[in-house]
Structure formats: C-alpha cells, structure tokens
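A.B. asks: I am attaching a structure below and will ask some questions about it afterwards.
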Amino acid sequence: MQVIGTKIVVLGTGGTIAGSSARAGDNVGYRAGERTVQSLLDALPVAQGQPPLAWVAEQIAQIDSKDADASFWSQLHARCREHLQDERVRGIVVAHGTDTLEETAWLLAETLPATKPLVLTCAMRPATAASPDGPQNLLDAVALASDARALGVSVVCAGAVHAPRHVQKMSPYRVDAFGSGDAGPTGWMEEGRLRLVHPWPPARSVGAEPPQTLPADPGAWPWVEIVLSHASACGRQVDALVSAGVRGIVVAGTGNGTLHHALEVALLRAQEAGVAVRVSTRCPLGVVVGRPAHGLPLADGLSPVKARISLLLELMRSSPTP
Ligand code: ASP
C-alpha cells in the first residue's frame with residue numbers, strides 16, 4: 001500500500017511530555033499537561049520536517065493520562081479517524097501520557113483501519129527537566145509516522161518501537177519505561193530511521209473500513225472492571241460489582257490464570273448472572289498456557305488493562321448499552 005500525503009499531524013493530549021515543574025530540573029514534582037503541543041514542536045531543534053514533509057499541531061486534550069476516560073478516547077478516536085481519511089495526511093503522531101498509553105494504543109489499534117502510520121509517543125521527564133526525553137521521542141515519532149512501512153498503530157519511546165499488543169509500561173521512573181515483554185521491540189529509531197528487528201506486525205485491517213466507531217456519550221460505554229486475585233482474596237468485591245450492574249469483569253489471575261478459590265466461586269456466580277468474565281494473568285511476561293481448571297474464558301494473551309478494552313469493545317458490538 002502506498003502512503004501518500006505530506007503532512008504529519010501531531011495531536012497533543014497532555015501527559016508528562018507537556019508537563020512543567022515550578023522548580024527547574026525537577027523530574028518528578030511537576031504537573032502533566034501544561035504545555036501546548038505547538039510549543040513542544042516549536043522547541044524542537046529542527047524547525048520543520050524534512051521537505052516536502054511538514055508537521056502540524058492539534059491540541060485534542062490537556063490531561064494527565066491517569067485520568068483518561070471514555071470521552072477522551074472517543075474524541076481522540078474521532079480525530080484520528082478524520083485525519084486517516086484526509087489524503088493530505090501522511091501519518092499521525094499522538095503525544096500522550098505514559099500511564100495509560102498502552103490502553104490507548106490498544107484501543108486505537110482495535111478500532112481504526114491501519115491505512116497510515118499512527119504513532120503514540122510520550123516522555124518520562126517534563127519539558128522543564130534538565131534533560132527532557134520528550135523532544136527526541138517526538139522527533140522519533142514524526143520520523144516513524146513518515147515511514148510507509150509503519151502502517152497502523154505503534155508506540156515509540158526511548159528509541160524503541162513497540163507493537164500495541166505487547167507494549168507495557170514497566171518502570172515508574174526510568175526514561176526507557178516501556179517494554180514488549182517476551183516479544184521484544186519491533187525495531188529501533190536511529191537518527192530518524194527505523195531499523196526493524198522483527199517484521200512489522202500484521203495490520204489488523206489494512207485498507208478495510210474502520211472496524212468500529214466509538215460512542216461519544218460516555219454513558220453508552222459498557223461498565224467493565226478489573227479485579228485482582230491475591231492471597232486472602234474474597235468474592236465480596238465481585239458480588240458488589242454484580243449488584244451494582246457491572247457488565248464485564250477482567251480478573252488478573254495468579255500465575256497461569258489460577259484464581260483464589262473464594263474469588264473463583266464469586267466469578268462463576270457473576271458469569272451465571274450474565275456478566276462477561278475474562279481471565280488474564282498478573283504475571284508481566286508470557287501468556288496463560290492451556291486451560292485453567294475453573295473453565296472461565298481466557299483473555300487471549302492480553303494484559304488485564306488491554307483485556308478490559310477488548311471486552312469493552314466486544315460488549316459494545318454484541319449488545320450496545322441502551
Ligand atoms: N501521569 C503522567 C501521564 O500519564 C505520566 C507520564 O506522562 O509520564 O500523563
């Protein structure tokens with residue numbers, strides 16, 4: 001597929017990349033989402049993309065991504081969708097907070113056509129840090145978004161390019177905060193060039209119609225929660241969720257998808273009551289192998305937070321919330 005267009009659209013959503021601290025050089029005491037994406041682009045050491053490419057800033061939101069929600073996602077999704085349809089746009093960059101970046105990446109990957117590069121990037125240090133990481137990440141993201149091989153959603157941070165299925169925030173502090181677990185990064189950005197170490201992950205729907213639109217009304221999103229299996233876990237939390245009207249529960253199981261017996265009983269009860277239950281693992285590496293004895297459906301090798309998004313989308317497709 002030929003990627004056309006000469007414009008890279010950089011969508012600002014807030015995050016540490018747009019953060020600033022009162023004390024110059026403070027890497028942790030700052031407020032996320034203070035600087036505009038236009039000012040971040042203006043501060044880059046190069047004035048513009050390599051001709052004939054140009055970048056254009058658009059502010060979508062100004063949030064700390066720990067507070068991401070349905071209305072943020074539906075707005076971002078709608079803008080990405082419009083830009084993907086604009087033939088002047090070659091690729092999209094989303095400057096995002098690190099905390100929920102993997103959730104947004106998975107949501108966009110599962111709901112947008114992979115017809116152009118759509119690159120999420122971020123920073124671990126605010127724009128006011130003595131040595132901020134945002135500028136290089138932005139430059140890498142713009143370069144990746146210009147690369148015709150990079151169709152669909154990807155994430156770039158600290159020079160590593162990650163696929164949405166595998167990417168996960170691993171460190172609360174390190175500049176190279178993201179990893180792709182067993183899979184490893186798809187490639188590396190080096191002086192503006194992508195060096196692939198794995199074939200580019202197959203696009204979910206190259207050239208196809210968008211698989212899903214997202215409701216603009218947050219009330220139309222099904223209620224899906226995550227619970228954790230741990231020592232001394234009990235089923236009361238699950239029972240309370242069911243009574244309150246939850247539609248889906250993802251459980252982060254111990255080890256190979258096993259569950260504390262008290263939690264297991266409550267989850268089986270929830271399933272019996274019509275709540276969709278999916279089992280993931282709280283282990284950061286690998287996937288659940290085989291079928292745990294409890295027989296509850298597995299989350300297709302996804303981490304709990306991504307399994308939650310897949311279940312949300314599944315519930316939206318199967319029976320939209322009235
Ligand atoms: N709390 C910030 C956010 O996710 C963290 C970051 O961007 O690194 O927006």
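A.B. asks: What's the number of the only condition in (1) loosely packed, with under 13 Cβ neighbours inside 10 Å; (2) within 22 Å of residue 177 (Cβ to Cβ); (3) more than 16 Å from the ligand (Cβ to nearest atom) that residue 44 fails to meet?
C.D. replies: (1)
A.B. asks: Are any residues in segment 103-128 over 13 Å from the mean Cα position of the chain (by Cα), over 19 Å from residue 85 (Cβ atoms) and crowded, with 22+ Cβ neighbours inside 10 Å, and if so, which ones?
C.D. replies: 123, 124, 125, 126
A.B. asks: Considering only residues that are surrounded by fewer than 20 Cβ atoms within 10 Å (Cβ to Cβ) and not β-branched (Val, Ile, Thr), which ones fall in segment 62-71?
C.D. replies: Result: 62, 64, 66, 67, 69, 70, 71.
A.B. asks: Exactly one of these conditions fails for residue 62: (1) in contact with a helix residue (DSSP H, G or I) (Cβ under 9 Å, 6 or more places away or on another chain); (2) away from the ligand (no atom under 13 Å from the Cβ); (3) not in a loop (DSSP other than H, G, I, E, B). Give me its number.
C.D. replies: (2)
A.B. asks: Quick test for you: out of 291, 282, 308, pick the one residue that is buried (at least 20 other Cβ atoms within 10 Å of the Cβ) and basic (Lys, Arg).
C.D. replies: 308 is the lone residue from the list that is buried (at least 20 other Cβ atoms within 10 Å of the Cβ) and basic (Lys, Arg).
A.B. asks: List every residue pair whose Cβ atoms sit under 9 Å apart, with the two residues 6 or more apart in sequence or on different chains, where the first one lies in segment 73-102 and is closer than 23 Å to residue 166 by Cβ and the second, anywhere, is of a type in the set (Phe, Trp, Tyr).
C.D. replies: The qualifying pairs are 73/221; 93/55; 98/178; 101/178; 102/178.
A.B. asks: Among 165, 236, which is the only one that is touching a residue at least 24 places away in the same chain (Cβ under 8 Å) and exposed (fewer than 12 other Cβ atoms within 10 Å of the Cβ)?
C.D. replies: 236
A.B. asks: Take the residues in segment 15-26 that are more than 12 Å from residue 134 (Cβ to Cβ) and in contact (Cβ under 8 Å) with a residue 60 or more places away in the chain; name whichever of them is farthest from the chain's Cα centre (by Cα).
C.D. replies: Here the answer is 24.
A.B. asks: Let me ask something else about it. Kindly indicate whether residue 195 is under 30 Å from residue 46 (Cα atoms) and free of Cβ contacts under 8 Å to residues at least 24 places away in the same chain.
C.D. replies: yes
A.B. asks: Name the helices (runs of 4 or more DSSP H) wholly inside segment 66-171 in which the number of residues that are under 15 Å from residue 203 (Cβ atoms) is 3 or more.
C.D. replies: Correct list: 101-111.
A.B. asks: Got a sec? Which of 293, 216, 231, 273 is over 27 Å from the mean Cα position of the chain (by Cα) and modelled with pLDDT under 95?
C.D. replies: Sole residue among the options that is over 27 Å from the mean Cα position of the chain (by Cα) and modelled with pLDDT under 95: 293.
The values are calculated or read from the model by the stated rules, or taken from the named source; none is laboratory data. Here the structure is a predicted model, which means the values were calculated and not measured. Note that we place each Cβ from the backbone using ideal geometry, even for glycine, and neighbour counts take in every protein chain shown.
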